[in-house]
């Protein structure tokens, strides 16, 4: 069962449950983030935009933090770091981004996982918390995620999490310096089993 820290929920939400804890990153996370990203470089770079020369510097991290916290204040996006249940060991990150209000009530999911933590179900549990936060706290109607057709791990994660493939986005994102097609996956608030059961 998910537990949400409601103190300053609009700016600094903390999500706990399923042996993981999610929160916005802070300056004190820099060294652990840098080391995990560096150790996972070969594992991550085939699936991400090309890393800049200063990708792992403290200055670049500070710029990320400013953007993350501004978006959280504006409720336009939440970039969470994923920790173990104790909140001490960093495993990866997951973003609820590009939040659209009004008639759309939608957002985009993105994520990355440190290589040492991959294949252990950590991202599945983190995504489950973010889905609950998106639908039950932020009141969103639709979540979208896109992944490379060759990214079998990501495809399995999304399908196991209830996302449905909806189409192909041509040259959607520039990954590792190349414009790549992506599979589009979607999940509606009404797709969740509990919601379907209430509707019957």
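According to the square roots a ≥ b ≥ c of the eigenvalues of the Cα gyration tensor, what is the shape class of segment 48-100, taking rounded for a/c under 1.5, prolate for a/b larger than b/c otherwise, and oblate for the remainder?
Here segment 48-100 falls in the oblate category.
Contact order normalised by length for the chain, with contacts defined as Cα pairs under 8 Å and 6 or more residues apart; what percent is it?
Answer for the chain is 19 percent.
In whole Å and largest first, what semi-axes does the C-alpha gyration tensor of segment 100-148 yield when each eigenvalue is scaled by 5 and square-rooted?
25, 12, 6
If the viscosity is 1.306 mPa s and the temperature 10 °C, what translational diffusion coefficient in µm²/s does Stokes-Einstein give for segment 99-191 when Rh comes from Kirkwood over Cα pairs?
Result for D is 113 µm²/s.
With springs connecting C-alpha atoms under 10 Å apart, model the chain as a Gaussian network and identify which of 63, 123, 21 has the largest mean-square fluctuation.
Among 63, 123, 21, the largest mean-square fluctuation in the Gaussian network model of the chain belongs to 63.
Neighbouring Cβ atoms within 10 Å as the yardstick, rank 86, 76 fewest first.
Arranged by neighbour count, lowest to highest, 86, 76 become 86, 76.
If you stretched the chain out fully between residue 75 and residue 192, how much longer would it get, using 0.36 nm times the residue separation minus the C-alpha to C-alpha distance?
So the extension gain works out to 39.8 nm.
What percent of all Cα-Cα pairs in the chain falls into each 10 Å bin, going from 0 up to the bin containing the maximum distance?
P(r) for the chain, in whole percents per bin: 8, 35, 40, 15, 1, 0.
How far is the Cα center of segment 44-107 from the Cα center of segment 155-187, in Å?
18
On a full-extension model of 0.36 nm per residue, what is the gain between residue 43 and residue 101, subtracting their alpha-carbon distance, rounded to one decimal in nm?
In short, 17.4 nm is gained.
How high is the FRET efficiency from residue 18 to residue 165, r the C-beta distance, R0 30 Å, rounded to 0.05?
It comes out at approximately 0.75.
We did not get these values from a lab; they are worked out from the coordinates using the rules stated. Since the structure is predicted, the reported quantities are computational estimates derived from the model, not experimental observations. A quick note on method: Cβ atoms are made from the backbone with ideal geometry, for glycine too, and the neighbour counts reach across all protein chains shown.
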